[in-house]
1. If you roll a 1.4 Å probe over the chain with all protein chains in place, what percent of the accessible area is carbon or sulfur?
2. Got a sec? Charge dipole of region 254-333, +1 on Cβ for Lys and Arg, -1 for Asp and Glu; which of 278, 258, 307 is way out at the positive end?
3. Would you mind working out the magnitude of the charge dipole of the chain relative to its Cα centre, with +1 at each Lys and Arg C-beta and -1 at each Asp and Glu C-beta, to the nearest 20 Debye?
4. Holding the Cα-Cα limit at 22 Å, pick out from 209/293; 325/393; 304/427; 108/293; 5/233 the pairs that are longer than that.
5. For Cα pairs less than 8 Å apart in space and 6+ apart in sequence, what is the mean separation divided by the residue count of the chain, i.e. the relative contact order in percent?
6. Under the rule a/c < 1.5 gives rounded, and otherwise a/b versus b/c splits prolate from oblate, where does region 128-190 land using the Cα gyration tensor?
7. Using a simple charge model, +1 on the beta-carbon of Lys and Arg, -1 on the beta-carbon of Asp and Glu, nothing else, what dipole does region 186-342 show about its Cα centre, in debye to the nearest 20?
8. Given the DSSP H assignment, sum -39500 (n - 2.57) over each helix run of at least 4 residues in the chain and divide by its residue total; what's the result at 222 nm in deg cm²/dmol, nearest 500?
Amino acid sequence: MSENKYYHKDIETMSVEQIKELQGKRLAEQFRYVYENVEYYRNRCIEAGVTPDDVKGLEDLHKVPFTCKDDLRATYPYGLFAAPLKDVVRLHASSGTTGKQIVVGYTKEDLDIWDDLVARQLVAIGASKDDFVHIAYGYGLFTGGLGLHGGASKVGCTVIPISAGNTPRQITVMHDFGSTILCCTPSYAAYLGETLHDMGHDTSYLNLKAGIFGAEPWTEGMRKDIEKSLGIKAYDIYGLTEIMGPGVAYECQAQNGMHVNEDHFIVETIDPETGKQLPEGSKGELVFTCLTKKAFPLMRFRTKDIGVLNREVCSCGRTFVRMSKPMGRTDDMLIIRGVNVFPSQIETVLLQYGYPPNYQIIVGRENNNDTFEVKVEMTPDKFSDVIADIRKKEAELSNAMQSLLQIKAKITLVAPKTIQRSEGKAKRVIDTRNLIDNK
């Protein structure tokens, strides 16, 4: 690990007491700002019997009403904006895979802060003006591309805004342009590593040293696979369109949890059933409050991501609270035959048995009973056209998954490269039960 470096050293290494004092002051100011400028949220507060005079510091955070995606859809497109639209200089939106798109806005000041937050991670992993940052996140309404672009520009890196797609060309550009830092989704990073080797190259063909990967869940096993296939150190970044985009939290070179930028966000964990705050170190739903955003400042936004917070000082010297990788989501959790199943659990089993994270979960319903199948792509060294060998491997995986999930899945091993690859977020789950129920 290289010498620890900081983008905002005085802020990133503040004492916990200083952090909490700053957060309390900003919370009181921000709650009043949102109350006075967002009619929808003000009405919510009136219903809850809360006024700006009731929120004086962090000890009053529990009084602040939650917001969730339903609120954003109910106020589509601009009903939760706090700044006049004439001051909004950019719009982004979620993919809109469920219900209406989530539309968010940024003032010039918001964008400047966002760039700084992403720059903090780049510096934390050793980036400098000498680096070439290859951004293969999608641009456009998705926050990934422009989010990393702005941070890399702040650091003074040379930005290669290639966006996603045309994978062989990505490899060529990385080689020819001398890309040193790759930014994309982890599933696409895995695909790039696979393509590199399919093109007949090894990691020495590229000049990459690090990668920043986010926008979807990934495991430690997947991290190791990406690091091996691309010859890099792979770092996690966390963000939500609703809160800011990438850069809400980030990994440093210690790779031991993501530092939440606490000068701009309050993070807490709650019991997803009761909404009650949980002590740090407890596993719960992550909730974020924006402390400095002006255009679209959400209060206590329920992310539906499950995680754990750790207040111990990191070996890098940063004092911001660290959050774990999301351990699943309360809304992408599958309930199959009454059992809670997270895709990340299935990925864990596959990686333990040497299979790549190229899989698809298929859930359906026959005769009022749930069906549960996992299609798993074999690696070339595991591939066999002997039916007995395949059945033995399928049974091995099925038993391992049943041991972890407490539910039996039908395992179907398929030939290498037969599951469609993704250049963005990987589509892991096909659940047809609702379609069948609604007929």
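The values are calculated or read from the model by the stated rules, or taken from the named source; none is laboratory data. Note that this is a predicted model, so its numbers are computed, not measured. Ideal geometry is used to build each Cβ from the backbone, glycine not excepted, and the neighbour counts take in all protein chains shown. Protein only, heavy atoms only, side chains kept; ligands, DNA and RNA dropped before computing areas. Shrake-Rupley method; radii C 1.70, N 1.55, O 1.52, S 1.80 Å.
1. Carbon and sulfur together cover 50 percent of it.
2. After comparing all options, I get 258.
3. Dipole magnitude for the chain comes out near 600 debye.
4. With Cα atoms farther than 22 Å apart: 209/293; 325/393.
5. Relative contact order, the chain: 13 percent.
6. oblate
7. Using Cβ point charges on Lys, Arg, Asp and Glu, region 186-342 gives about 280 debye.
8. The helix contribution divided over the chain gives -10000 deg cm²/dmol.
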